[in-house]
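What follows is a single structure, written as structure tokens, with notes after it.
Derivation of every value follows stated rules applied to the coordinates shown; laboratory data play no part. Note that this is a predicted model, so its numbers are computed, not measured. Neighbour counts are summed over all protein chains in view; Cβ atoms, including those assigned to glycine, are modelled from backbone coordinates with ideal geometry.
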Amino acid sequence: MEDVLYLKNGSIIRGIITEQTPNVSIKIKTKDGSIFAYKYEEIEKFAKEEIKGSLYTDEYKKLGADGFIAKKFYISPKAGYGDWGTVTYGLSFEYAISNYFGIGIDGAYTAWDDMAYSFGDYDTSSGYTNYTLKYDYSLIGLLAGFSYHFNPGEKFDPFLKAGFGYFLINSESKWSPKKPTGFTYTPKAEASGIGYGGQAGFNYFFAKGFSLSVTGGFPFYASGGVTFRF
């Protein structure tokens, strides 16, 4: 048997109650040795239950794959394809405020180029020259928001994310082999603004504190990577 606390914020804490002050507070020790204290007004109910589920199977004990749980930090480096069909690099930071909900920040970077136009010109001094104008773009985005995890404490951890962010796009125009005589152009420009985004994905925990991660959504990327839990 084990003690189980059902908190009003949706968290479920399993372990052994080590101290109980009636109508005041409860201390509970979890299987990893952590001790948490909760006031009665934070607790929906508590009970003794049979130990069951994949958290306590032999496979779990071997892998230590305890997934998304409250009061842990998660860092995920990722890479994938961006909205412009380019390779995008990302890094996300998340803190589990409960066994189901997390808050965090996602960052992403990508770069691409676009050829505006090209033409040929002939003069008596240099002969025929082919001129090309190309625009180089880069995008940096930061998205702050919240996440919901459907399967806390399990190896397979599907989730949804949503939030608002800040986006900065830089562009630089370049002539090749040089700027033609008589042409004017803006060599650099940038734009920024507030946007929103949503993502869906999952982590699969192969070992305690380590998982593979797959994410798809707007505006950052469809990506793959790894997640470290601390």
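Just a few scattered comments:
- For the range 1-52, averaging the sequence separation of C-alpha pairs within contact (under 8 Å, six or more residues apart) and dividing by the residue count gives a relative contact order of 42 percent.
- Efficiency of FRET from Cβ geometry, Ile12 and Tyr81, R₀ 35 Å, rounded to 0.05: 0.40
- Table column - 3J(HN,Hα) (Hz), the range 10-18, Karplus curve with 6.51, -1.76, 1.60, x for Gly and Pro: x, 6, 10, 10, 10, x, 10, 6, 9
- Couplings 3J(HN,Hα) of the range 74-81, computed from phi: 10, 10, 10, x, 9, 8, x, 9 Hz, in residue order, whole Hz [Karplus 6.51 cos²θ - 1.76 cosθ + 1.60, θ = phi - 60°; x for Gly and Pro].
- Cut-off 18 Å, label 7 Å out along Cα→Cβ of Phe228, residues of the range 136-171 by amide N: none
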